[in-house]
Amino acid sequence: MRLLVDVMCGRLVPYLRMCGHDTLYAGDRDLEADDDVLAVAAAEGRTVVSRDVELAGRADAAILLDSRAIESQLAALADAGVPLSLADEPRFCGACNGPLARVDRTEPTPEYAPDPAEEPVWRCRDCGQCFWRGSHWDRVRETLSEIGSASEGGREDADQ
């Protein structure tokens with residue numbers, strides 16, 4: 001899916017990118033005015049994800065969220081038909097949404113990243129940041145698992 005997440009829902013961005021969704025964050029492009037968000041969404045064929053009723057109502061395609069809690073937002077996205085499972089191979093940079101490419105086993109990586117001979121590593125083609133399936137990946141997997149379990153078994157609203 002091609003999504004445009006407004007500044008009210010920015011905590012969703014890494015989850016969506018890790019699930020393989022092309023996710024533009026309005027804050028990364030300084031899109032604060034509704035008209036600017038709508039213009040980019042229309043030009044790029046993106047679904048707007050927002051808690052702003054007026055903005056969502058004006059968009060060609062939108063998912064309106066009513067909670068501030070990340071778990072409830074993820075559950076609402078799942079209920080709206082957005083697939084929320086970790087991608088087998090990461091596709092989008094968590095920092096800039098650029099495309100990721102697998103780092104060759106013999107290629108050097110920055111000091112902060114693991115050795116690609118020991119663990120798969122991906123590098124963003126746009127910003128150069130490296131990614132791997134570390135503890136953050138495990139935490140996201142656990143959160144998504146809980147969301148999936150809750151929506152299968154009659155979820156309680158986390159904001160009540």
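Tell me, what is the Rg over Rh of the range 2-86, with Rh the Kirkwood radius over Cα pairs? Mind showing how you got there, number by number?
Details: Rg = 11.5 Å, Rh = 12.5 Å.
Ratio of gyration radius to Kirkwood radius for the range 2-86: 0.92.
Per 5 Å bin, what percent of the C-alpha pairs of the chain does each bin hold, from zero upward?
P(r) for the chain, in whole percents per bin: 2, 9, 17, 19, 18, 14, 11, 6, 3, 1, 0.
Can you give me the long-range amide H partners of R2? Hydrogens built in the peptide plane at 1.01 Å from N, cutoff under 5 Å, separation of 5 or more residues or another chain.
Here T47 satisfy the definition.
Under 10 Å, Cα contacts only: if you run a Gaussian network model on the chain, which one of S50, S85, S135 comes out with the highest mean-square fluctuation?
Result: S135 has the largest fluctuation of those listed.
Quick check: the angle from helix 135-152's long axis to the longest principal axis of the chain, C-alpha only, nearest 10 degrees?
40 degrees
Report, in degrees rounded to the nearest 10, the 0 to 90 angle that the Cα long axis of helix 34-44 makes with the longest principal axis of the chain.
Roughly 60 degrees between the two axes.
At most 16 other Cβ atoms within 10 Å and a DSSP loop assignment: could you name the chymotrypsin sites (Phe, Trp or Tyr not before Pro) in the range 53-141 that fit?
Values: sites: F92, Y112, W122, F131, W132, W137; in loops: Y112.
Hits after loop and neighbour filter: Y112.
Placing unit charges on C-beta atoms (Lys and Arg positive, Asp and Glu negative, everything else neutral), compute the dipole magnitude of the chain about its Cα centre in debye, rounded to 20.
On the way: 17 positive and 31 negative charges, 75 e Å.
Charge dipole of the chain: 360 debye, to the nearest 20.
Every number in this text was worked out from the coordinates using simple rules, so none of it is lab data. Note that the coordinates shown come from a computational prediction; the quantities given were computed from them, not determined experimentally. When we count neighbours, we look across all protein chains shown, and the Cβ atoms used for this are built from the backbone with ideal geometry, even at glycine.
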